[in-house]
Every structure is written in structure tokens, then in C-alpha cells.
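The block underneath contains the structure these notes are about, expressed in C-alpha cells.
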Amino acid sequence: MTAVAAQPRECSVARTLEIVGEKWALLAVREVFLGNRRFDEIVRRTGAPRDTMSARLRSLVSAGILERRQYSEHPVRYEYRLTAAGRELYPVILTLMRWGDDHLAGEDGPPLVLEHGGHRFVAKVVCEACAEPVDARPARAAAMTQPG
């Protein structure tokens with residue numbers, strides 16, 4: 001009897017990781033969220049090699065996550081701004097940060113604390129339909145039907 005090889009699952013997670021699944025890509029997006037939009041700031045704040053960060057920023061621009069805007073004419077200089085698609089990555093950054101704070105922070109606590117409305121902000125994923133917190137146990141994959 002011959003075993004049938006399973007096909008890789010098609011999913012949006014895999015497609016998304018093709019674009020932002022590399023460390024320097026997500027750290028670049030994090031820095032732009034934090035207001036560091038210039039190349040030298042992004043390199044300094046991430047610790048990325050300049051050539052690597054340059055390549056990641058180019059790929060994020062070509063994917064429509066960031067846009068490059070000129071901020072100086074003499075000399076010509078650019079900064080990076082989030083597009084609408086890029087801004088939608090904020091919950092991803094927040095949940096990765098929360099996981100790291102919960103599981104990797106040392107005795108001194110999280111290295112960065114966010115505030116919202118004057119209080120500490122901690123990300124939480126909730127169901128859009130019922131507003132209940134989302135947990136992996138009751139969630140299940142459902143096949144999408146193709147129209148017509």
C-alpha cells in the first residue's frame with residue numbers, strides 16, 4: 001500500500017509569513033509604529049545589518065505595508081510610513097509583545113510598556129461577533145465554501 005502525501009495546507013498565515021515572517025521585517029514595522037521612520041533610526045533601534053534592513057524595507061514597500069516618502073531635498077532623504085495594510089499589523093505586533101512579556105520577560109518585567117488612555121495597555125484577542133476572549137481550545141477550522 002502506498003502512502004498518499006498530504007498537501008501543504010493553504011492558509012493566510014503562510015501567505016502572511018512570506019511577507020513579514022522574518023525577524024527584521026517585523027522589527028522594522030514595530031519601529032515605524034513607535035515613530036522611528038528613518039532608515040538610520042530603524043537600523044539603530046533594531047540592531048539589523050544595514051544591507052539586511054535595506055532589503056527588508058524594500059520588500060515591505062513592494063508588499064504595500066510601508067510607503068517611502070521624501071522628507072528632505074538637500075540631501076535627498078526618505079522616511080517610511082505605514083500604509084492602511086501596514087497599520088492592520090498592529091494587533092500582530094501587540095500580541096507578539098504580550099506573549100514575550102508573559103513568557104520571556106525577566107525579573108525586571110517587560111522591557112517596554114504601552115499606555116492607552118492613561119493606563120497600561122495589554123493586548124487581548126476577542127471574537128468580533130460575540131466580544132468573548134479567544135482561546136485556542138474552542139476554536140476550530142471551518143472550510144470556506146467557494147461561491148457559485
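Only a single criterion out of (1) among the hydrophobic types (A, V, I, L, M, F, W, C); (2) free of Cβ contacts under 8 Å to residues at least 24 places away in the same chain; (3) touching a helix residue (DSSP H, G or I) at 6+ places or on another chain (Cβ under 8 Å) is not satisfied by Ala84, namely (3). Selection of the range 1-36 for residues being surrounded by 18 or more Cβ atoms within 10 Å (Cβ to Cβ) and either of a type in the set (S, T, N, Q) or not in a helix (DSSP H, G or I) (or both) yields only Asn36.
Set side by side, the residues Arg58, Arg69, Arg50, Arg44 differ, and just one is within 17 Å of the chain's Cα centre (by Cα) and among the basic types (Lys, Arg), which is Arg58.
Evaluated against (1) within 27 Å of Val125 (Cβ to Cβ); (2) free of Cβ contacts under 8 Å to residues at least 40 places away in the same chain, Tyr90 falls short on exactly one condition, (2). For the range 50-88, which residues satisfy the criterion of being buried (at least 18 other Cβ atoms within 10 Å of the Cβ) and over 15 Å from Ala25 (Cβ atoms)? Residue satisfying the conditions is Glu79 alone. A Cβ distance below 7 Å, combined with a sequence gap of six or more or placement on separate chains, defines the contacts here; from the range 34-58, residues that are within 19 Å of Arg87 (Cβ to Cβ) reach residues that are hydroxyl-bearing (Ser, Thr, Tyr) in the pairs Arg37/Tyr80; Leu57/Tyr80.
Values in this text are rule-based calculations from the coordinates and carry no lab data. It should be emphasised that the depicted structure is a prediction, and the values quoted were computed from it without experimental measurement. In this analysis, Cβ positions are derived from the backbone assuming ideal geometry, glycine residues included, and neighbour counts consider all displayed protein chains.
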